[in-house]
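So the structure is just underneath, and the comments pick up after that.
The values are calculated or read from the model by the stated rules, or taken from the named source; none is laboratory data. Just so it is clear, the structure is predicted and the values come from calculations on it, not from any experiment. Note that we place each Cβ from the backbone using ideal geometry, even for glycine, and neighbour counts take in every protein chain shown. Ligands, DNA and RNA are excluded from the accessible area calculation, which covers all protein heavy atoms including side chains. Shrake-Rupley method; radii C 1.70, N 1.55, O 1.52, S 1.80 Å.
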Amino acid sequence: MRIVSLNVGLPRDVEMKRGTVATGIYKEPVPGRVMARKLNLDGDGQADLVGHGGEQRAVYAYPLEHYAHWRSELGLGDMPHGQFGENLTCEGWLEDTVHIGDVFRAGDATLEVTQPRPPCFKLAHRMGRPDILKPFLSSGRVGFYLRVLEEGEIGAGDALERVSLGPEQMTVREICHLMYFGKEDLAGAERALRIPALSPGWLDSFAQRLQQQ
């Protein structure tokens, strides 16, 4: 497991069908090493702090392996690293082998997996494909957010060393499916609530699901 590309970008105003929208989805690869801090990487930023950013979603990782899938599935051409708005384009770091609450060492930083990344209309605009949102979510190829437990420099080429496994060992793919397609799975919701690293918004959603039953 390793970081293939480190990508950052500050929010910009973009013209969309709904008007001018501020977005930080445009990320570009940067050379050298960058500080991973509690709220984001140096040189990076998010426009919508309700859906992105903050301590629970400081860094977004997306597997390089999925690029080939989307090129084939959607008939897309070559895509630069950072195409999906990710900070870390990674290799071998996949949703079906990474668990919520797993802790990894990357360079001088320590990172914790907190939640999958639900797609939004800004991804559709970035990809130039308004039809990507449903297949993106249903495929489970969504990537995941990370909390920065220990700040430090990271860069392309850094190995990703798993320091510890999250409780319940619920993979990113499993919890994504549970949230959007497994609403009747109350046992799964109970498992999710036993993962302290899971983002508060997701914990609240699963708690409400159980209360409603």
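When you work out D = kT/(6 pi eta Rh) for region 134-213 at 4 °C and 1.567 mPa s, using the Kirkwood radius from C-alpha pairs as Rh and the Stokes-Einstein form, the result is 90 µm²/s. For the chain, what number of Lys pairs, 8 or more residues apart or on separate chains, have alpha-carbon atoms under 23 Å from each other? Total qualifying Lys-Lys pairs in the chain comes to 8. Per residue, the solvent-accessible area of region 1-102 (1.4 Å probe, heavy atoms of protein chains only, all protein chains present) comes to 44 Å². Only DSSP H runs of four or more residues enter the estimate; each adds -39500 (n - 2.57), and after division by the residues of the chain the mean residue ellipticity at 222 nm equals -7000 deg cm²/dmol. Rounded to the nearest 20, the size of the Cβ-charge dipole of region 153-205 about its Cα centre is 120 debye, with Lys and Arg at +1 and Asp and Glu at -1. At a probe radius of 1.4 angstrom, the accessible area of region 137-213 per residue rounds to 50 square angstrom.
In a reduced charge model with +1 at each Lys and Arg Cβ and -1 at each Asp and Glu Cβ, the chain shows a dipole moment near 520 debye about its Cα centre. Run the accessible area of region 96-199 with a 1.4 Å probe and give the carbon-and-sulfur part as a rounded percent. On region 96-199, the fraction of accessible area on carbon and sulfur atoms equals 50 percent. Taking the protein heavy atoms of region 1-50 in the context of the full set of protein chains, the accessible area attributed to carbon and sulfur is 55 percent at 1.4 Å.
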